[in-house]
Amino acid sequence: MRILTAAIATLLLAAFVGGLGVLGLFYHFGRGLPDYQQLANYEPPVMTRVHAGDGSLITEYATEKRVFVPIGAMPKLVIKAFLAAEDKNFYSHPGIDFLGVLRATVTNALNMVAGRRPVGASTITQQVAKNFLLTNEVSIERKIKEAILAVRIEHAFSKDRILELYLNEIYLGFGSYGVAAAALNYFNKPLDDMTVGEAAYLAALPKAPSNYHPVRNYGAAKGRRDWVVGRMLEEGFISREQALAAKDEALVTHERENTLLTRAEYFAEDVRRELAQRYGENQLYRGGLSVRTTLDPRLQAIADDVLQKGLIAYDRRHGWRGALARLEGTGGEAAPGADWARRLAAIPMPPGLGAWRLAVVVAATNTEATIGFTDGSTGGIPLSDLAWARAALKNATRGGPVKSVTQVLKSGDVIAVAAGKDGHWSLRQIPEVEGGLVALNPHTGRVLAMSGGYSYLESQFNRVTQADRQPGSAFKPFVYLAALDSGFTPSSRILDAPFVIDQGPGLGLWKPQNYAQEFYGPSTMRLGIEKSRNLMTVRLAQTIGMEKVIIYARKFGIADKMQPTLAMALGAGETTLLKLTAAYAMLVNGGKQIEPSLIDRIQDRNGRTILRHDERACPGCRVSDLAEADVPVIPDNRAQLADPRSVYQVVSMLQGVVQRGTGRRIAALGKPLAGKTGTTNDSFDTWFLGFSPDLAVGVFIGYDKPATLGKGETGSSVAAPVFKDFMEKALKDEPNIPFRIPPGIRLVRVNPNTGLLARSGERRTILEAFKPGTEPTGDEGVIDGTGAITSDGRSPGITRGLY
């Protein structure tokens, strides 16, 4: 009896001491642990998704590709698979599975003797504690802290919340964070479509995703998956038939489909920059924003296509610059050698190659070049295809005509080619010239399309928003608008004659010239803009004052700072294509102020709208019965920047540019269009800015490092064809809506050359827009730039510095 009592006492004492030891460990290691309460407000990093105006996906931004799925929406099959594989007693233990720990202890003792790896006994709650609050350090101390935190977490949160955190946070390989991302990346499926075998495979991954790679380690991966299937059967989660079918199922992964339905790299990058500026990098890449942009995918595809074709067309007009690379023969001979296919495959693909193919010239004669591809196949380029490939020389000039293939191509040349006619191949060249195209809604400023260069892979520099260039004559409409607001009319006559101004001590004389270097005498303001007369524009700016011109440039968002020199009236100040296109949009919308915008709306991860571009109130928009409700009236809070009548007069004159002036090639479209060309000195920059009543479009083409585009190349020959091609496709099947005429405008027939009222029976006339009481009487004088207006265009006196 005494022995039994002593034994009981010893056991009680040991239990007491053991309890004190456990309490001591909990006290010692429980101090300074991370605050587990933070899990209550934990929001896992979720990708930001950017959508076009029609809802199609443009791009995603994330540091961890994760799709968060609430536990209530998580398929039961997936939950059961993870419970069977990771923690079968999850819903019954207090955070630590003591039976599991005991079982693991015994198993590890046997494994140690057999030389096998030890097994773990961490519960899902312990894994949450480790993944969210601790490090991956392998130590007894970390395991104790993990157990302590697991118990605390179990007391603070429901089992479902703990499981939700786990299934959305766990890393499962293939760049997959959480089970939803893993289902897409491994099987190209949503969670709801997973089979038993697929769910079991995902549940097999948490311990070591790289060890169970479905391709590199197929045997181990399938074996681990089948083990999970067996565990699901043991727990009664699936039937025997389901288990047998799952084990018989091959482990086949499917690459995730590219869900980016809309390609708009330059546009997307500008959106990314705006999001980062508004919300910071952390919110951008981890905040799960849903961004609805202004992009129109149809117009974006057109913009990319016509800009690329326009750049290629210009590039081909200026000759062949040579092969991309050379494959010299192995013995030093000119031929590329017998192993040319392998060596060609080793050459990196040029980023601007696009849909073209890389080839090597295997042999060349006077009449044909034989080319080879990386797969060993061959083809031919005939002499007839090389007529454009005259040697490119300095200052955008070309060498003599191509009379032999060997003038252009030599054996060993690595070139770009595209499929041609009659089974032949056609020589191609990646353009060096660059450009941009932007289209926007002139009434709202919503950017509908933006193509910032030939190839985003080749250059991420956006020529729409980042390139500050001189607009040349494309700026002139705003000089004319300032004059119209100052009392002049489209029929006002301006002297077109030599103009010289003294720029000041040491600066010499400034002598602007017309493009044709001719003088036409007194001409109407309309002719001045239709024919892009520089001397008339300078005289007009001199008359109204450059200070007024600068005010209009600032009001229309073209430039905040502009020097008050007459050269600025000819577009010597720098601006971006987006700013200038927006300014033209404010002409066609009647002079209403708009701000170009890329984003319509942004929602946070919970669906709450945190930004809306159009912030106007519309009380009548939310009604229960749309059929019976009156059409709501939304206030127009856009600022009026200029007299809408003057603005329309500019629009009318720009319509004349298309019908009779420097943009007349566009008239062939038969649509109501208006616009203006722009060309800077030595043809460094070429522009065309224009619009229909409801679409404003700007095109810029030039070299990133300014250089001449060549003699005779202007906005009319380089940029205008791109504008024309875009408008032809964008306005296809659209009704011909005329430009809107504001109240207070009288349309009067005049002679287009003199601007005077048309005489009875006169055939060649146009309708001119006048403000009431400003119609020409024939007594108007001529603006000569001195500040005085004379009847014959001769200045009554000489102003200092003006000759």
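Numerical summary
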item: Near pairs, Cβ below 7 angstrom, 6+ apart or cross-chain, from the range 594-620 (within 24 Å of ALA696 (Cβ to Cβ)) to any residue that is surrounded by fewer than 11 Cβ atoms within 10 Å (Cβ to Cβ); result: ARG616/PRO635; ARG616/ASN637
item: Selection from the range 208-243 of residues that are of a type outside the set (A, V, I, L, M), open to solvent by less than 60 Å² (accessible area, probe 1.4 Å) and closer than 22 Å to HIS254 by Cβ; result: PRO209, TYR212, HIS213, PRO214, ASN217, GLY219, LYS222, GLY223, ARG224, ARG225, ASP226
item: Residue list for the range 148-159, restricted to those being surrounded by 22 or more Cβ atoms within 10 Å (Cβ to Cβ) and either farther than 11 Å from GLY95 by Cα or small (Gly, Ala, Ser) (or both); result: ALA150
item: Within the range 244-269, tally of residues that are open to solvent by 80 Å² or more (accessible area, probe 1.4 Å) and within 30 Å of ALA52 (Cβ to Cβ); result: 6
item: From ASP600, ASP614, ASP630, residue being more than 24 Å from VAL438 (Cα to Cα) and acidic (Asp, Glu); result: ASP630
item: Residue within the range 221-235 that is in a loop (DSSP other than H, G, I, E, B) and basic (Lys, Arg) present; result: no
item: Scope the range 77-124; condition hydrophobic (A, V, I, L, M, F, W, C), modelled with pLDDT of 60 or more and either within 49 Å of the chain's Cα centre (by Cα) or not in a helix (DSSP H, G or I) (or both); matching residues; result: LEU77, VAL78, ILE79, ALA81, PHE82, LEU83, ALA84, ALA85, PHE90, ILE96, ALA121, ILE124
item: Subset tally (residues that are under 23 Å from ALA583 (Cα atoms) and in contact with a His (Cβ under 8 Å, 6 or more places away or on another chain)) for the range 679-711; result: 1
item: Among the candidates ALA582, ALA541, residue that is buried (at least 20 other Cβ atoms within 10 Å of the Cβ) and over 15 Å from LEU495 (Cα atoms); result: ALA582
item: All positions within the range 414-427 that are surrounded by fewer than 21 Cβ atoms within 10 Å (Cβ to Cβ) and farther than 18 Å from LYS309 by Cα; result: VAL414, LYS421, ASP422, GLY423, HIS424
item: Qualifying residue in the range 468-491 (condition: under 37 Å from the mean Cα position of the chain (by Cα), in contact (Cβ under 8 Å) with a residue 40 or more places away in the chain, under 29 Å from LEU757 (Cα atoms) and open to solvent by 10 Å² or more (accessible area, probe 1.4 Å)); result: yes
item: Tally of residues being basic (Lys, Arg) and closer than 22 Å to ILE701 by Cα across the range 401-456; result: 1
item: Flag for VAL697 being closer than 22 Å to ALA482 by Cα, of a type in the set (Val, Ile, Thr) and in contact with a Leu (Cβ under 9 Å, 6 or more places away or on another chain); result: no
item: ALA40 being in contact with a helix residue (DSSP H, G or I) (Cβ under 8 Å, 6 or more places away or on another chain), among the aliphatic types (A, V, I, L, M) and either at pLDDT below 90 or under 30 Å from ARG298 (Cβ atoms) (or both); result: yes
item: Residue satisfying condition, being under 20 Å from VAL447 (Cβ atoms), open to solvent by less than 20 Å² (accessible area, probe 1.4 Å) and of a type in the set (A, V, I, L, M), within set LEU611, LEU577; result: LEU577
item: Only listed residue being closer than 16 Å to VAL78 by Cα, in contact (Cβ under 8 Å) with a residue 60 or more places away in the chain and assigned to a helix (DSSP H, G or I), chosen from TYR186, TYR201; result: TYR186
item: Answer from ALA474, ALA418, ALA439 - the residue that is closer than 30 Å to ALA345 by Cβ and either touching a helix residue (DSSP H, G or I) at 6+ places or on another chain (Cβ under 7 Å) or not in a loop (DSSP other than H, G, I, E, B) (or both); result: ALA418
item: Residue, least open to solvent (accessible area, probe 1.4 Å), within the range 495-509, restricted to residues that are hydrophobic (A, V, I, L, M, F, W, C) and within 29 Å of ASN753 (Cβ to Cβ); result: PHE499
item: Odd one out for SER652, checked against (1) buried (at least 23 other Cβ atoms within 10 Å of the Cβ); (2) under 23 Å from GLY472 (Cβ atoms); (3) modelled with pLDDT of 95 or more; result: (1)
item: Flag for PRO738 being part of a loop (DSSP other than H, G, I, E, B) and surrounded by 12 or more Cβ atoms within 10 Å (Cβ to Cβ); result: no
item: Residues of the range 270-282 satisfying the condition of being of a type in the set (S, T, N, Q) and either over 22 Å from TYR177 (Cα atoms) or at pLDDT 95 or above (or both); result: GLN277
item: Test set (1) over 27 Å from ASN753 (Cα atoms); (2) of a type in the set (Val, Ile, Thr); (3) open to solvent by 10 Å² or more (accessible area, probe 1.4 Å); (4) at pLDDT 95 or above - THR686 fails condition number; result: (3)
item: Total residues in the range 76-102, condition open to solvent by 20 Å² or more (accessible area, probe 1.4 Å) and under 30 Å from VAL291 (Cβ atoms); result: 0
item: Of all residues in the range 276-330 being in contact with a strand residue (DSSP E or B) (Cβ under 6 Å, 6 or more places away or on another chain) and of a type in the set (Val, Ile, Thr), the one that is farthest from LYS65 (Cα to Cα); result: THR294
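The values are calculated or read from the model by the stated rules, or taken from the named source; none is laboratory data. Everything numeric here is computed off the predicted structure, so don't read it as measured data. We place every Cβ from the backbone using ideal geometry, glycine too, and count neighbours over all the protein chains shown. These accessible areas exclude ligands, DNA and RNA; they are computed on the full protein's heavy atoms, side chains included. Shrake-Rupley method; radii C 1.70, N 1.55, O 1.52, S 1.80 Å.
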